[in-house]
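The values are calculated or read from the model by the stated rules, or taken from the named source; none is laboratory data. A quick note: this is a predicted structure, and the numbers were derived from the prediction, not measured. Using ideal geometry, Cβ is built from the backbone for each residue, glycine included, and neighbour counts are taken over all protein chains shown. Note: areas computed on protein heavy atoms with side chains; ligands, DNA, RNA excluded. Shrake-Rupley method; radii C 1.70, N 1.55, O 1.52, S 1.80 Å.
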Amino acid sequence: MSPTELQALRQKFESLRIPPEDFHHLKHVYVAFAMLDQYDFVSACAKYAQTIRAMAEGVGVPEKFNATITFAFMSVIAERKAQMPDADLESFLKCNADLMSAGVLSEWYSNERLTCASARTQFLLPDRVGIERR
């Protein structure tokens, strides 16, 4: 995906013009990458979370929004982007193939913690012990 296409996808996401059924995991990664290119970390996280929540509410499933997953996912991508500041999307994904898995956060979080009611409304810290840095 070219930088122009990536930014067009981000704009489409931010304006809620991506049908939720077309917003699969890979597009989550693409948009997160693009938002972190466009905005500082705090702004990117806020905009990403607001849009994901609005998408879920728009299709009548507000309970699908999960603040912990959203902010943890953005944090992982941001940290890894900082380690590869000049990487384009393709290079970034080649070096971070684990991001293609919806279960990428299982290294830091138990399923119980990620799916509990509190995780949906607020950011919870990881509960896995012995976390090693990449």
Quiz prompt | Members of segment 8-57 that are closer than 17 Å to Phe71 by Cβ and touching a residue at least 60 places away in the same chain (Cβ under 8 Å) | solution = His25, Val29
Quiz item: Which numbered condition trips up Val31, out of (1) closer than 28 Å to Ala117 by Cβ; (2) open to solvent by 50 Å² or more (accessible area, probe 1.4 Å); (3) in a helix (DSSP H, G or I)?
Solution: (2)
Quiz item: Within segment 20-36, is there a residue that is farther than 22 Å from Asp86 by Cβ and more than 15 Å from the chain's Cα centre (by Cα)?
Solution: yes
Quiz item: Taking Phe123 and the conditions (1) more than 12 Å from the chain's Cα centre (by Cα); (2) crowded, with 18+ Cβ neighbours inside 10 Å, which numbered condition does it fall short on, given that it satisfies the others?
Solution: (2)
Quiz item: Has segment 46-56 got at least one residue that is of a type in the set (A, V, I, L, M), outside any helix (DSSP H, G or I) and surrounded by fewer than 18 Cβ atoms within 10 Å (Cβ to Cβ)?
Solution: no
Quiz item: What number of residues within segment 1-21 are of a type in the set (D, E, K, R) and more than 18 Å from Arg53 (Cβ to Cβ)?
Solution: 1
Quiz item: Out of all the residues in segment 69-110, which are surrounded by 15 or more Cβ atoms within 10 Å (Cβ to Cβ), outside any loop (DSSP other than H, G, I, E, B) and touching a Pro at 6+ places or on another chain (Cβ under 9 Å)?
Solution: Ala72, Leu89, Leu105
